[in-house]
Amino acid sequence: NGDVCVQPCSSSFHGETRFVCKDKKWQMFTDACANLDIRSLFQVIIAGGHLPFIGKGSPMKPVDVAKYSGADDHRNENCQADFSCIIPEILSSPAIPGNIANIVDLLKQISLALSGNVSRGKMRSYSRIANHILNSSIISNWAFVRDRNASSILLDSVNLFAGKLLLTNGSENIQERFISTKGYSIHKNTAGKSFDFSMEFSNSENITGHMFIPEEELLKLSKTSKAISIAFPTLGAIMETRHLDPVLVNGMVLSVALPEELQHILLAFEKVNKLESVKAQCVAWHSAEGRWDDRACQIKSDGVNSVICFCKYHRRTFKSFSILMSPTKLRNAVLGYITCVGLGLSILSLALCLAIETVVWHHVTKTEITYMRHFCLVNIAASLLIADVLFILAALVHDTARNHQLCVAATFFLHFFYLALFFWMLSLGLLILYGLLLVFFKITRSVLMAAAFSIGYGCPLVISVLTVAITEPRNGYLRSGACWLNWYETKALLAFVVPALSIIAVNLVVVMVVVVKTGRSAVGEGCKSRDLSNMIRISKNVALLTPVLGLTWGFGLATIFDKSSLAFHVTFALLNAFQGFFILLFGTLLDRKTREALRMSCLSSKRKCTLAKVISF
């Protein structure tokens with residue numbers, strides 16, 4: 001309308017978009033790309049035609065609200081009565097992440113400021129606004145909304161506003177495609193009360209949900225009261241997008257607003273995923289902690305198509321309910337057992353590997369090549385040992401909401417040391433190429449060590465620091481529910497996956513080069529036989545460890561793309577947890593020179609022990 005000019009949106013959802021006033025006197029920044037001036041819309045509702053202020057202490061000219069409410073006072077009054085004047089502006093806007101965030105903020109402000117007497121008209125307009133961002137076709141856009149709690153804020157806002165709905169003739173029914181609100185008058189003589197919903201979940205199917213207040217609960221009422229229930233067929237999927245792991249919502253979300261006397265309700269949910277192997281878990285949304293809580297509900301029956309839950313209602317804590325898709329607790333128990341046993345064996349194996357290297361060090365590091373080979377192996381074992389210990393510590397602080405800083409620190413060092421493991425493997429591969437291809441170009445031990453340290457720890461440090469610096473300011477560093485790199489929102493996990501898989505590919509190429517070179521008689525002409533033997537020994541280590549590491553993190557990627565596959569999860573847990581044992585086996589125990597040096601050290605120790613006994617006598 002000439003009062004505000006908008007600079008075109010950035011193509012990046014996470015980039016800041018600048019909104020600049022025509023006279024350059026104020027500026028406003030949004031979290032993500034948006035074209036809705038939500039503050040103006042809210043001010044239109046409460047100011048009756050003028051916007052005295054927008055932003056903090058930034059005066060601006062009154063806005064002509066004819067665009068929203070019409071030119072006459074009658075339509076302006078209607079706007080304040082039912083918010084209808086802002087509906088066309090909102091419904092015509094695309095449901096992009098920035099607009100979603102702004103609409104959630106608008107609904108929150110309306111709920112806090114204008115929920116005194118909620119008429120049918122207000123509730124209908126409110127539902128139409130919420131329905132716009134609950135559409136099943138734009139669920140994926142929620143993943144790019146900067147505020148991770150946006151979906152729970154929306155849920156709490158709708159619950160608060162709908163709870164103040166005034167009932168006309170003892171009942172109310174306000175239906176939109178993706179949000180439905182029903183209200184009934186109840187009293188102690190009511191023979192139980194049922195709220196039944198059948199709503200669209202996607203373009204091809206509907207799902208149902210039912211809320212029932214038992215008769216014995218209604219007997220607790222001292223006077224006629226009202227009961228409100230709100231159904232959200234798509235909100236569960238949206239909340240799953242925002243809280244990805246380990247939450248898998250398998251039904252609609254049902255919210256209720258009841259008198260304080262009522263404490264228990266029955267709920268029936270139709271399953272979205274109706275596979276027989278998929279078990280259900282009845283849960284309530286803990287408003288204070290922002291998570292699903294299974295302590296508030298019990299399963300009464302669990303069929304292939306539907307679940308019946310008996311849940312505790314609390315007007316401040318437990319007001320919204322749903323079912324989670326649980327791959328049964330057995331899966332978690334199996335994976336937990338494999339991980340614990342595997343990590344224990346891995347830590348012991350790595351400690352034993354380092355102990356053996358300490359014992360045989362002087363026997364197996366007589367040449368530059370063998371020295372660097374064992375030097376790299378020690379750092380590989382040390383990096384994985386520290387990573388395994390950090391993995392255990394990270395599991396203790398996995399609640400990212402309560403221990404965010406600790407979780408960030410644990411994830412950073414996990415990322416760093418897992419990368420160090422791979423980059424030291426790369427150092428081994430480059431050492432092989434140096435020994436085979438640069439036979440007449442000698443490099444001193446100090447230079448080799450400096451280069452190895454730069455690759456082994458320098459590169460991981462740079463990648464880890466850049467990853468946390470880029471993603472953490474946008475709350476996109478951590479994976480929801482675990483102390484590990486985010487995948488679904490910022491793809492921070494690529495900062496580990498890409499270097500790791502690239503190094504695996506490079507080392508496989510190195511192994512192929514060794515096979516080709518050692519198969520030619522010309523190699524023997526340029527290389528000393530001892531150096532060639534050492535190169536072959538190192539190549540065997542790389543050839544054995546590289547596929548193991550590649551398979552491990554290959555299955556790790558598979559668990560991301562197919563979260564329901566138990567086989568992928570078990571295989572990844574086994575390979576990941578037993579990496580330390582593989583390093584001990586392939587790097588130390590299967591190396592002939594190391595075994596001989598260990599045997600010599602043992603014999604030497606026995607001789608010393610025997611000599612000590614003779615001297616003592």
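The values are calculated or read from the model by the stated rules, or taken from the named source; none is laboratory data. The model shown is predicted, which means the values in this text are computed figures rather than measured ones. Quick reminder, even Gly has a Cβ in these numbers, built from the backbone with ideal geometry, and neighbours come from all protein chains shown. Side chains included, ligands, DNA and RNA excluded: accessible areas come from the protein's heavy atoms. Shrake-Rupley method; radii C 1.70, N 1.55, O 1.52, S 1.80 Å.
Write out, first by first residue and then by second, each pair whose Cβ atoms fall under 7 Å of each other, whose residues are 6+ apart or on separate chains, and whose first residue, in the range 247-267, is closer than 15 Å to SER151 by Cα while the second is in a loop (DSSP other than H, G, I, E, B) and at pLDDT 90 or above.
Pairs found: MET252/PRO233.
Report, by residue number, each residue of the range 203-231 that is in a helix (DSSP H, G or I) and open to solvent by 80 Å² or more (accessible area, probe 1.4 Å).
GLU215, GLU216 - these are the residues of the range 203-231 that are in a helix (DSSP H, G or I) and open to solvent by 80 Å² or more (accessible area, probe 1.4 Å).
Looking at LEU584, is it modelled with pLDDT of 75 or more, closer than 18 Å to VAL378 by Cα and buried (at least 16 other Cβ atoms within 10 Å of the Cβ)? Lay out the reasoning, then the answer.
Values: modelled with pLDDT of 75 or more: yes; closer than 18 Å to VAL378 by Cα: yes; buried (at least 16 other Cβ atoms within 10 Å of the Cβ): yes.
Spelling it out, LEU584 is indeed modelled with pLDDT of 75 or more, closer than 18 Å to VAL378 by Cα and buried (at least 16 other Cβ atoms within 10 Å of the Cβ).
Kindly provide the set of residues from the range 169-193 that are part of a strand (DSSP E or B), farther than 21 Å from ASN131 by Cβ and among the β-branched types (Val, Ile, Thr), ordered by number.
ILE186
Inspect all residues belonging to the range 333-350 and state whether any of them is surrounded by 15 or more Cβ atoms within 10 Å (Cβ to Cβ), in contact (Cβ under 8 Å) with a residue 24 or more places away in the chain, assigned to a loop (DSSP other than H, G, I, E, B) and touching a helix residue (DSSP H, G or I) at 6+ places or on another chain (Cβ under 9 Å).
No; the residues of the range 333-350 include none that is surrounded by 15 or more Cβ atoms within 10 Å (Cβ to Cβ), in contact (Cβ under 8 Å) with a residue 24 or more places away in the chain, assigned to a loop (DSSP other than H, G, I, E, B) and touching a helix residue (DSSP H, G or I) at 6+ places or on another chain (Cβ under 9 Å).
Pairs, please: C-beta under 7 Å, at least 6 apart or cross-chain, first residue among the small types (Gly, Ala, Ser) and in the range 415-436, second open to solvent by 30 Å² or more (accessible area, probe 1.4 Å)?
ALA420/TYR457; SER427/ILE455; GLY429/VAL506; GLY435/ASP531
So which residues in the range 128-158 are of a type in the set (Lys, Arg) and in contact (Cβ under 8 Å) with a residue 60 or more places away in the chain, if there are any at all?
Looking only at the range 128-158, we keep the residues that are of a type in the set (Lys, Arg), and these are 128, 146, 148.
Correct list: ARG146, ARG148.
Based on what the data block shows, is ASN507 assigned by the TED database to the domain that holds THR552 and within 20 Å of LEU549 (Cα to Cα)?
Yes; evaluated as a whole, the condition is true for this residue.
Within the range 384-406, take every residue that is open to solvent by 70 Å² or more (accessible area, probe 1.4 Å) and part of a loop (DSSP other than H, G, I, E, B) and give me the one that is modelled with the lowest pLDDT.
Residue satisfying both the conditions and the ranking: ALA401.
Take SER301 and decide whether it is hydroxyl-bearing (Ser, Thr, Tyr) and outside the structural domain of LEU589 (by the TED database). I'd like the intermediate steps shown before the answer.
On the way: hydroxyl-bearing (Ser, Thr, Tyr): yes; outside the structural domain of LEU589 (by the TED database): yes.
Yes; evaluated as a whole, the condition is true for this residue.
Taking the conditions exactly as written (within 28 Å of SER383 (Cβ to Cβ), in a helix (DSSP H, G or I) and either at pLDDT below 60 or open to solvent by 20 Å² or more (accessible area, probe 1.4 Å) (or both)), does ILE503 satisfy them or not?
For ILE503, the condition - within 28 Å of SER383 (Cβ to Cβ), in a helix (DSSP H, G or I) and either at pLDDT below 60 or open to solvent by 20 Å² or more (accessible area, probe 1.4 Å) (or both) - is not met.
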